[in-house]
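J.: Here you go, one structure.
The values are calculated or read from the model by the stated rules, or taken from the named source; none is laboratory data. These numbers were taken from a predicted model, which means no experiment stands behind them. Please note: Cβ atoms are built from the backbone with ideal geometry, for glycine as well, and neighbour counts cover all protein chains shown.
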Amino acid sequence: MKITVIGAGAMGCVFGGHLQEGGNVVTMIDIWEEHVKALNEKGLSLKGASGDRVIPISAQTDTTGMSEQDLVIVLVKASVTQKALESAKNIIGPETIVLTVQNGIGNAENIAEVIDVEKIIVGTTANASELTKPGEVIHHGQGETVIGKYEGKLTDRDKKIAEEFKNCKLEAKAVDNIMSIVWSKLILNTAVNGLSGVLQVPLGKLYEWPETREFMRDIITETEKVANAKGIEILHDDPYEKVFTICRDKAPGHYASMAQDVYWQRKTEIDVINGTIVEEGKANGIETPANTAIVRMVKGVEKGYLKGKKSDY
């Protein structure tokens, strides 16, 4: 398959690297010129859970000169989703599938402003990764990627995407109830992402410290109430223990993606994670003081470093 990954961050490199190794022709797109140069000249250094190796891979700062692709994977920051898709229209043909595996809620809706909805599939992943320097990514933990149709029923072509992921040693499956799965992951993201970002600590500390553990509990309670109000089934029997188990046992040393954003002084995705809960709470008459507080804190941190900076992938 001809595959383009738009957004060559930590997760984009995990997907792109595995898919390239599996025999696909992968191109990474990112506006970070130093990173693109490193990928082209030295290859992708992928270390950690899936082994240590260097994967030769092609990278560009945009899609100029490229042909239509079989699959486009979108992993840019939510704030630049539409802009990124608009600039990549030349690689999206009649048979192209567009998969968003971005954090938060509302990304598929933004993509649907640019391309036909029948092309869009939505995904969520339990892989954990970290971009440590240009061209180098640590794959902290392997996990399942789940995909489903944004609108309508899964087609055979959609299901083949999950099969290709599995062929490339990326655990994956295609499902019909994708939004329940997306919201079930959103509970984790709302609980840990903002706190890890503001405090610049790994997930284990968020559980270890009583104050942050209780803060996470409040965020989870609010998020679950909003999901219930929207008629969305949360698939965790005990969402608190699900989050705490990840923080305490499965990934205590992992820094959430928002912690990495703050470290690299990038715009975060707080608006489509906790910000979504705040807005949906208002729409459904549910108070969300914990989510509101973390949104305000993250935005305050952002203002300390974003002034005058352009948004990036």
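J.: Does the stretch 13-30 hold any residues that are part of a strand (DSSP E or B) and either in contact with a Pro (Cβ under 8 Å, 6 or more places away or on another chain) or polar (S, T, N, Q) (or both), and which are they?
T.: Within the stretch 13-30, Thr27 is the sole residue that qualifies.
J.: So Val74 fits all but one of (1) at pLDDT 95 or above; (2) over 12 Å from the mean Cα position of the chain (by Cα); (3) buried (at least 21 other Cβ atoms within 10 Å of the Cβ); what number is the exception?
T.: (2)
J.: Determine if the stretch 148-168 includes at least one residue that is touching a residue at least 60 places away in the same chain (Cβ under 8 Å) and either in a loop (DSSP other than H, G, I, E, B) or in the same structural domain as Arg248 (by TED's automatic domain parsing) (or both).
T.: yes
J.: Do any residues in the stretch 217-246 that are among the hydroxyl-bearing types (Ser, Thr, Tyr) have Cβ atoms under 9 Å from those of residues that are outside any helix (DSSP H, G or I) and crowded, with 17+ Cβ neighbours inside 10 Å, where the two are at least six apart or on different chains, and which pairs are they?
T.: As it stands, the answer is Thr223/Ile234; Thr223/Thr288, since those pairs meet every condition given.
J.: Out of the residues in the stretch 183-199 that are surrounded by 24 or more Cβ atoms within 10 Å (Cβ to Cβ) and of a type in the set (Ser, Thr, Tyr), state the one that is farthest from Gly104 (Cα to Cα).
T.: Only one residue fits best here, namely Ser196.
J.: Can you list the strands (runs of 3 or more DSSP E) found entirely within the stretch 31-93 that contain at least 2 residues being in the same structural domain as Thr124 (by TED's automatic domain parsing) and among the hydrophobic types (A, V, I, L, M, F, W, C)?
T.: Per the criteria, 44-48, 53-55, 71-74.
J.: If you don't mind, there's one more thing I want to ask. Within the stretch 232-243, identify whether any single residue is in contact with a Lys or Arg (Cβ under 8 Å, 6 or more places away or on another chain), surrounded by 14 or more Cβ atoms within 10 Å (Cβ to Cβ) and not assigned by TED's automatic domain parsing to the domain that holds Ala128, and answer yes or no.
T.: Yes, the conditions are met somewhere in the stretch 232-243.
J.: Search the stretch 97-124 for residues that are closer than 14 Å to Thr155 by Cβ and pair each with any residue that is charged (D, E, K, R) and modelled with pLDDT under 95 when their beta-carbon atoms are under 8 Å apart and the residues are at least 6 apart or on different chains.
T.: Filtered contacts from the stretch 97-124: Ile97/Arg157; Ile97/Asp158; Val117/Glu151; Glu118/Glu151; Ile120/Glu151; Ile121/Asp158.
J.: To continue, here is another question. Residues Ala84, Ala59, Ala78: which one is touching a strand residue (DSSP E or B) at 6+ places or on another chain (Cβ under 6 Å), farther than 17 Å from Gly17 by Cα and of a type outside the set (S, T, N, Q)?
T.: Every option except Ala84 fails the conditions.
J.: What tally of residues in the stretch 145-171 results from selecting those that are surrounded by fewer than 16 Cβ atoms within 10 Å (Cβ to Cβ) and under 17 Å from the mean Cα position of the chain (by Cα)?
T.: The qualifying residues number 1.
J.: Restricting attention to the stretch 82-89, does a residue exist that is hydroxyl-bearing (Ser, Thr, Tyr) and within 21 Å of Val122 (Cα to Cα)?
T.: Scanning the stretch 82-89 turns up at least one residue that is hydroxyl-bearing (Ser, Thr, Tyr) and within 21 Å of Val122 (Cα to Cα).
J.: Looking at (1) assigned to a loop (DSSP other than H, G, I, E, B); (2) modelled with pLDDT of 95 or more; (3) within 18 Å of the chain's Cα centre (by Cα), find the lone condition where Asp271 falls short.
T.: (1)
J.: Could you please let me know if Ile246 is farther than 28 Å from Val80 by Cα and crowded, with 16+ Cβ neighbours inside 10 Å?
T.: yes
J.: Within the stretch 200-216, how many residues are buried (at least 16 other Cβ atoms within 10 Å of the Cβ) and in a helix (DSSP H, G or I)?
T.: 9
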